[in-house]
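Everything on this sheet refers to the single structure shown next.
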Amino acid sequence: MDKNIAKIQRVTLLGFGANIILSVVKLVIGIYGNSQAVVADALHSFSDTSSDLVIIFGVKYWSAPPDQCHPFGHRKLESFVTVIIGLILLATAAGIGYNGVISLMDRKPVHLNWMVILGPVLSIVVKEFLFRITYRVGTQTHSSPVKANAWHHRTDALSSIPVLVAVVACLINPALAFLDQVGAILVSAFIIKVGLEILFSSINELMDRGMSKSELKEMEARIRNNPEVRGVHNIRTRNLAGSFYVDLHLEVDADLTVKKGHDISEIVKETLMDGNDRIIDVMIHLEPAQ
C-alpha cells in the first residue's frame, strides 16, 4: 500500500507541475499570438490541476488504515473522489461546448501569428505522455481516481487537436476560422462520453458492484480444483475502489476435524488471493458436504 501511495503521489505531482507550466506557456503564446482558441486551451489545461489536487489530498485519506469506526478501511472515498473527477470532466466539457457554440454564432475575423502553432503541439505531446504514464500507474495500483485523471490528460490532448487544425487553417485561410468552434464542440461531446463512463463506473463501485460472471466462474473453478473441496456456493463479492472482498460457503467432508477444515479453507483463501491481486480478503463459511 505504501508503494502504491508513493507511485500515485509521484505521478500526480508530475502531472500537476506539468499542467501549471503548460498552462502558462500556452497562455503567453495565445496572448502574443492573438489566438483566443489557444488562450481557451490554456485555461482548459489549468482546469486539469483541480483533479490533480483532489487526488494529491485525497490519497492521504483513502489510504488510511482501518479503525474502529471504519473496520473495512476508507477506500470508498477513492470512488467518491473519482465521482468528483467525472463531474469536473463534465463541467469542463460543458464549458468548451458552450463557448464553441457561442463563438460559432458570433464569427469574428482573426489575424494570428504563426507562433500559436507551438501551443497546441506542445499540449498534445505533453498531455499524451502524461496520459500514458498516469494510466499505467492507475492500472498497477488499481486506482480508479488515477485512471480517471489519466483520461483527464487524454481529453486535454484531444481538445488541442481541433485547436491546432483551426489555427493552421486560419493561418492559411482566415475564412476557415469557424473550424475552431466546430472542433471544440466535437471534442466536448467526446469528453462528456468519457466523463459519464467514469461517473457511472464510480457510482457502481459505491453501490458495491461485484465481479463479472466470467471472474466468478474462474474463481469457482479454481476452488473446485482442490481435491478436498466437496462443493462451493453463495460466492459473493463486494467492490472497494477497484479491489474486492469475497465471501463464500465451502463444503468439505463432514467427518473432518475442525482444524483440518480450517486448513482447507486457508488453502482456498490463499489460492484465490494469489490468483487475483484485486482480492483483499476472503471470508469462508465451512459446511459439511451433503
_Restricting to segment 221-240, and then to whatever is in contact with a His (Cβ under 9 Å, 6 or more places away or on another chain) and not aliphatic (A, V, I, L, M), can you tell me which residue is nearest to V268 (Cα to Cα)?_
G231
*Those residues of segment 53-78 which are over 20 Å from S201 (Cβ atoms) and assigned to a helix (DSSP H, G or I), in sequence order*: L53, I56, F57, K60, Y61
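Could you list, in sequence order, all residues of segment 134-149 that are of a type in the set (G, A, S), assigned to a helix (DSSP H, G or I) and at pLDDT below 85?
Initial filter on segment 134-149 (of a type in the set (G, A, S)): 138, 143-144, 148.
When the remaining residues are screened for being assigned to a helix (DSSP H, G or I), the result is 138, 144, 148.
Those that are of a type in the set (G, A, S), assigned to a helix (DSSP H, G or I) and at pLDDT below 85: S144, A148.
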*Looking only at segment 53-87, and only at residues there that are aromatic (F, W, Y) and touching a residue at least 60 places away in the same chain (Cβ under 8 Å), the one that is surrounded by the most Cβ atoms within 10 Å (Cβ to Cβ)*: W62
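Out of V121, V163, I need the residue that is in contact with a helix residue (DSSP H, G or I) (Cβ under 6 Å, 6 or more places away or on another chain) and either part of a helix (DSSP H, G or I) or under 17 Å from H44 (Cβ atoms) (or both). Which one? Quick ask: steps written out before the conclusion?
Working: V121 fails: in contact with a helix residue (DSSP H, G or I) (Cβ under 6 Å, 6 or more places away or on another chain).
Every option except V163 fails the conditions.
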_Unmet criterion (only one of (1) free of Cβ contacts under 8 Å to residues at least 60 places away in the same chain; (2) surrounded by fewer than 19 Cβ atoms within 10 Å (Cβ to Cβ); (3) of a type outside the set (D, E)) for V268_ = (2)
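Residue check: is E220 without any contact (Cβ under 8 Å) to a residue 12 or more places away in the chain, in a helix (DSSP H, G or I), not hydroxyl-bearing (S, T, Y) and not assigned by TED's automatic domain parsing to the domain that holds K147?
Details: without any contact (Cβ under 8 Å) to a residue 12 or more places away in the chain: no; in a helix (DSSP H, G or I): yes; not hydroxyl-bearing (S, T, Y): yes; not assigned by TED's automatic domain parsing to the domain that holds K147: yes.
No: the conditions fail for E220.
The values are calculated or read from the model by the stated rules, or taken from the named source; none is laboratory data. It should be emphasised that the depicted structure is a prediction, and the values quoted were computed from it without experimental measurement. Every residue, glycine among them, receives a Cβ derived from its backbone with ideal geometry; neighbour counts consider all protein chains shown.
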